[in-house]
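**Student:** Right, I'll just put the structure down here and ask away after.
Where a number appears in this text, it was derived from the coordinates with a stated rule and is not lab data. Keep in mind the model is a prediction, meaning the values are calculated, not measured. No Cβ is skipped: glycine too gets one built from the backbone with ideal geometry, and neighbour counts run over all protein chains shown.
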Amino acid sequence: MPITITKVCQWCGASMETTRSSKRLCSARCHQAFHRWRQSILPGASPKDGFKLIQDWMAGNSHPNSNHPVNKLHESLSDFCKAATEVVTQNTNQLKSTIAVEQSQPEGIL
Ligand SMILES: [Zn+2]
């Protein structure tokens with residue numbers, strides 16, 4: 001009986017059950033997308049070259065497939081940073097106006 005292993009699709013990042021250790025893509029759709037991408041940037045390149053290039057992208061925490069989870073992670077991180085910056089800016093402005101009010105009070109009132 002063949003041993004089933006869990007691998008991650010190199011194109012979409014989905015996990016997949018397979019009996020082939022060499023399997024790298026989960027579906028015909030991913031095969032096609034990977035093939036198109038490879039031919040568009042490295043015409044005539046072998047799949048091996050394409051996977052090597054994906055590894056380079058992944059080393060930089062990115063992926064040529066915009067729907068890959070690693071890219072989604074960047075989006076949520078950047079949304080989070082924007083929201084956090086917004087809160088800090090609001091608090092800073094509030095603090096600045098409080099300080100301004102206190103400084104404009106005449107001597108002896110506080
Ligand atoms: Zn896939």
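**Student:** So which lysines can Lys82 reach, going by Cα to Cα under 17 Å and dropping same-chain residues fewer than 8 places off?
**Tutor:** Cross-link targets: Lys72.
**Student:** Another one. So, by mean Cβ neighbours within 10 angstrom, what's the order for 19-25, 85-91, 6-12 with the highest one leading?
**Tutor:** Listed from highest to lowest mean packing, they are 6-12, 19-25, 85-91.
**Student:** Against the longest principal axis of the chain, how steep is helix 69-104, in degrees 0 to 90 to the nearest 10, with axes from Cα atoms?
**Tutor:** Around 0 degrees separate the two axes.
**Student:** May I pose another question? Could you give the length gained by full extension between Val70 and Thr89, i.e. 0.36 nm per residue of separation minus their alpha carbon distance, to one decimal place?
**Tutor:** 4.0 nm
**Student:** Something else about it: On a straight-distance basis, which lysines could pair with Lys48 in a cross-link, Cα separation under 21 angstrom, same-chain partners fewer than 8 positions away excluded?
**Tutor:** Within the straight-line cut-off, Lys48 pairs with Lys7, Lys23.
**Student:** Quick one, what does Rg over Rh come out to for the chain if you take C-alpha atoms and the Kirkwood Rh?
**Tutor:** 1.41
**Student:** Next question. Show that you can apply the helix-only estimate: for the chain, add -39,500 (n - 2.57) for every DSSP H stretch of four or more residues, divide by all residues, and state [θ] at 222 nm to the nearest 500.
**Tutor:** It comes out at -20000 deg cm²/dmol, rounded to the nearest 500.
**Student:** Measure nothing but the geometry: give the 0 to 90° angle between the long axis through the Cα atoms of 28-41 and the longest principal axis through the Cα atoms of the chain, rounded to 10°.
**Tutor:** 80 degrees
**Student:** Pop out the ³J(HN,Hα) list for the range 53-67 in order, Karplus 6.51 cos²θ - 1.76 cosθ + 1.60 with θ = phi - 60°, rounded to Hz; leave Gly and Pro as x.
**Tutor:** Per residue, the Karplus-derived 3J(HN,Hα) values read 5, 4, 4, 4, 4, 5, 5, x, 6, 9, 8, x, 7, 5, 8 Hz.
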